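The values are calculated or read from the model by the stated rules, or taken from the named source; none is laboratory data. It should be emphasised that the depicted structure is a prediction, and the values quoted were computed from it without experimental measurement. Neighbour counts run over all protein chains shown; Cβ positions are idealised from the backbone, glycine included.
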């Protein structure tokens, strides 16, 4: 009986207040979509970190004819220098850090270059002599890049030591920024949602003040009086959360599964399955948002 | 049933208290008229019984319990034991007569079966048989007040508080309402009725408590409205 009663009260509350309830749905929808987008950016960053950091290599570029570095003043790397570098890389001193070492000749570098820039016209103008030969060093622990950098960057015959992480971290920085921006928008929209829910509950409480007044007089419990209002807000917010989840899922299907994965096959992307992990979080967040803001409003506007 | 023990209620510390050191004892099953001009403290009396307000000093006992000691989550239980009727009926305009009375049972969790059984009985008690499906605006003032009374007593409270229940009704209709209140009283419910209506008080010959400026100035076992002109003024 009580359940049926509360449900019918919620129904009449929503009917009377339809436009406000709709705006609550829309605002929570937008705010939670941005919350979810920020979450997806973070998931993607973690995914890429996990994927790339395992594959990160340190590249020791050796001097060529046209190297401009001071360490290359003596001209291109000599046979002896190359042998010394290789010997040092494979020595016991670096054994704890170095996993594997491969040598890439200028011809091999040209092949890689042509692969990488297959669609670009500069391919035809580049010759093997312009590309440096290098040692590709994969590390036991990618964080220990500094050790190799310090040990080899001033070695004779070495042009430069570069770590792919520099490049990756720039990407991650941008993605982090994007997620911060999404979170900021989410914050503002959430604030709007809270205010709007509070206003909606106030209006609803005002339009039902006769009922609540009578409920108090005949001894209805606080829960029976307040629950319909709280649930009204919570239901609206949960609908907003469901819409946000559906939007994020649809966007990830369309953008990631449908486009990014095919366009950048080398990159690890989050799957739309992972988006589903966000759904319970968003729904819970929406429910909490509405529950707490309506509770606070009710304490002021519905006397019990 | 209701005991006021030296109760003072001050809303605004700079002005005169709404109730000033009132001591009053109303027994189970009594019928008491609370008379006095507007602002004499009748409504404050009713609010204190319902624990809508707290006494500034002294103690209010309802059914043997000091209401100051009732925790807020138990206040609904206190109010279930008290029915209230107002001058302005306070019916829900979008609900039928039956639904208005049933509402009081729904919100305290009574089952549908119990409601279906009880409401027609109570409507019969107040003389509204066959009007279950009328809307409040289709009823006369007297009939609307009967619905309000039915709602107030449907949960069988031990006390019925009536705050000027005949204030909006003509004398004939008012007497009809008084008959109903009398019947309810005879079934064992304590009735406290605040009123301005001297005809009713003089006809009923019940206990009369007169308040003036927040103090009890008269308490007659079978009183009349009193001939004092200032009491008539409100």
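Would you say residue B:70 is more than 11 Å from chain A (Cβ to nearest Cβ) and surrounded by fewer than 16 Cβ atoms within 10 Å (Cβ to Cβ)? Break it down into steps so the answer makes sense when it comes.
Working: more than 11 Å from chain A (Cβ to nearest Cβ): yes; surrounded by fewer than 16 Cβ atoms within 10 Å (Cβ to Cβ): yes.
It is true that residue B:70 is more than 11 Å from chain A (Cβ to nearest Cβ) and surrounded by fewer than 16 Cβ atoms within 10 Å (Cβ to Cβ).
Count, please, the residues in segment B:171-209 that happen to be in contact (Cβ under 8 Å) with a residue 12 or more places away in the chain and over 18 Å from residue B:44 (Cα atoms).
Step one: of segment B:171-209, the residues in contact (Cβ under 8 Å) with a residue 12 or more places away in the chain are B:171, B:173-178, B:180-185, B:188-209.
Still in the list and also over 18 Å from residue B:44 (Cα atoms): B:171, B:173-178, B:180-185, B:188-190, B:197-207.
Number satisfying all stated conditions: 27.
One residue is enough: does segment B:182-189 have a residue meeting the conditions more than 19 Å from the chain's Cα centre (by Cα), under 30 Å from residue B:98 (Cβ atoms) and modelled with pLDDT of 90 or more?
Start the filter on segment B:182-189 by keeping residues that are more than 19 Å from the chain's Cα centre (by Cα), which leaves none.
There is no residue in segment B:182-189 that is more than 19 Å from the chain's Cα centre (by Cα), under 30 Å from residue B:98 (Cβ atoms) and modelled with pLDDT of 90 or more.
Give segment B:28-53 a look and list any residue that's within 14 Å of another protein chain (Cβ to nearest Cβ) and either at pLDDT 95 or above or under 24 Å from residue A:223 (Cα atoms) (or both), or say none.
The answer is B:47, B:49, B:50, B:51, B:52, B:53.
Among the residues of segment A:265-290, write down those that are modelled with pLDDT of 90 or more and surrounded by 13 or more Cβ atoms within 10 Å (Cβ to Cβ).
Going through segment A:265-290, the residues modelled with pLDDT of 90 or more turn out to be A:279-290.
The answer is A:279, A:281, A:282, A:283, A:285, A:286, A:287, A:289, A:290.
Restricting the first residue to segment B:107-129 and requiring it to be closer than 17 Å to residue B:177 by Cα, which pairs with a second residue that is part of a loop (DSSP other than H, G, I, E, B) meet a Cβ separation below 6 Å and a spacing of at least six or different chains?
B:122/B:154
Here are some residues: A:118, A:73, A:151. Which one is free of Cβ contacts under 8 Å to residues at least 12 places away in the same chain and over 30 Å from residue A:267 (Cα atoms)? Lay out the reasoning, then the answer.
Details: A:118 fails: over 30 Å from residue A:267 (Cα atoms); A:151 fails: free of Cβ contacts under 8 Å to residues at least 12 places away in the same chain.
Checking each option against the conditions leaves just A:73.
Here is a check on your reading of the model: is residue A:213 within 14 Å of chain B (Cβ to nearest Cβ), outside any helix (DSSP H, G or I), at pLDDT 85 or above and farther than 21 Å from residue A:29 by Cα? It would help to see each step written out before you state the result.
Values: within 14 Å of chain B (Cβ to nearest Cβ): yes; outside any helix (DSSP H, G or I): no; at pLDDT 85 or above: yes; farther than 21 Å from residue A:29 by Cα: yes.
Criteria not met by residue A:213.
If you scan segment A:111-130, which residues turn out to be surrounded by 10 or more Cβ atoms within 10 Å (Cβ to Cβ), in a loop (DSSP other than H, G, I, E, B) and at pLDDT 75 or above? I'd like the intermediate steps shown before the answer.
So the first thing to find is which residues in segment A:111-130 are surrounded by 10 or more Cβ atoms within 10 Å (Cβ to Cβ), and the list is A:111-114, A:116-117, A:120, A:123, A:126, A:128-130.
So of that shortlist, the ones also in a loop (DSSP other than H, G, I, E, B) come out as A:117, A:120, A:126.
A:126, the sole residue that qualifies.
Among the residues of segment A:220-239, is any part of a loop (DSSP other than H, G, I, E, B) and touching a helix residue (DSSP H, G or I) at 6+ places or on another chain (Cβ under 8 Å)? Break it down into steps so the answer makes sense when it comes.
So in segment A:220-239, the residues part of a loop (DSSP other than H, G, I, E, B) come out as A:220-221.
Right, trim to touching a helix residue (DSSP H, G or I) at 6+ places or on another chain (Cβ under 8 Å) and you get A:220-221.
Scanning segment A:220-239 turns up at least one residue that is part of a loop (DSSP other than H, G, I, E, B) and touching a helix residue (DSSP H, G or I) at 6+ places or on another chain (Cβ under 8 Å).
Based on this model, can you work out whether residue A:181 counts as outside any helix (DSSP H, G or I) and within 35 Å of the chain's Cα centre (by Cα)?
Values: outside any helix (DSSP H, G or I): no; within 35 Å of the chain's Cα centre (by Cα): yes.
No, not satisfied.
I'd like to know if segment A:247-264 contains one or more residues that are surrounded by 16 or more Cβ atoms within 10 Å (Cβ to Cβ) and either within 14 Å of chain B (Cβ to nearest Cβ) or not in a helix (DSSP H, G or I) (or both).
No: segment A:247-264 contains no residue that is surrounded by 16 or more Cβ atoms within 10 Å (Cβ to Cβ) and either within 14 Å of chain B (Cβ to nearest Cβ) or not in a helix (DSSP H, G or I) (or both).
Taking residue B:192 as the residue in question, decide whether it is under 27 Å from residue B:106 (Cα atoms) and either at pLDDT below 95 or in contact with a strand residue (DSSP E or B) (Cβ under 9 Å, 6 or more places away or on another chain) (or both).
Numbers: under 27 Å from residue B:106 (Cα atoms): yes; either at pLDDT below 95 or in contact with a strand residue (DSSP E or B) (Cβ under 9 Å, 6 or more places away or on another chain) (or both): yes.
Yes.
State whether the residues of segment B:38-55 include one that is part of a strand (DSSP E or B) and within 30 Å of residue B:186 (Cβ to Cβ). If you could, list the steps in order and put the result at the bottom.
Step one: filter segment B:38-55 for residues part of a strand (DSSP E or B), giving none.
Checked segment B:38-55: no residue is part of a strand (DSSP E or B) and within 30 Å of residue B:186 (Cβ to Cβ).
What about residue B:63, is it within 14 Å of chain A (Cβ to nearest Cβ) and touching a strand residue (DSSP E or B) at 6+ places or on another chain (Cβ under 9 Å)? I'd like the intermediate steps shown before the answer.
Working: within 14 Å of chain A (Cβ to nearest Cβ): yes; touching a strand residue (DSSP E or B) at 6+ places or on another chain (Cβ under 9 Å): yes.
So residue B:63 fits the description; yes.
Step by step: first the residues of segment B:138-168, then only those that are surrounded by fewer than 18 Cβ atoms within 10 Å (Cβ to Cβ) and within 14 Å of chain A (Cβ to nearest Cβ), then the one that is nearest to the chain's Cα centre (by Cα). Which residue is that? Working first, answer last.
Here is the first cut: in segment B:138-168, the ones surrounded by fewer than 18 Cβ atoms within 10 Å (Cβ to Cβ) are B:138, B:140-141, B:156, B:158, B:167-168.
From what is left, the residues that are within 14 Å of chain A (Cβ to nearest Cβ) are B:156, B:158.
Numbers: B:156: 14, B:158: 11 Å.
Among those that are surrounded by fewer than 18 Cβ atoms within 10 Å (Cβ to Cβ) and within 14 Å of chain A (Cβ to nearest Cβ), it is B:158.
Quick grid of which residues meet (1) at pLDDT below 85; (2) part of a helix (DSSP H, G or I); (3) under 30 Å from residue B:80 (Cβ atoms); (4) within 14 Å of chain B (Cβ to nearest Cβ):
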position	(1), (2), (3), (4)
A:155	yes, no, no, no
A:162	yes, no, no, no
A:167	yes, yes, no, no
A:174	no, yes, no, no
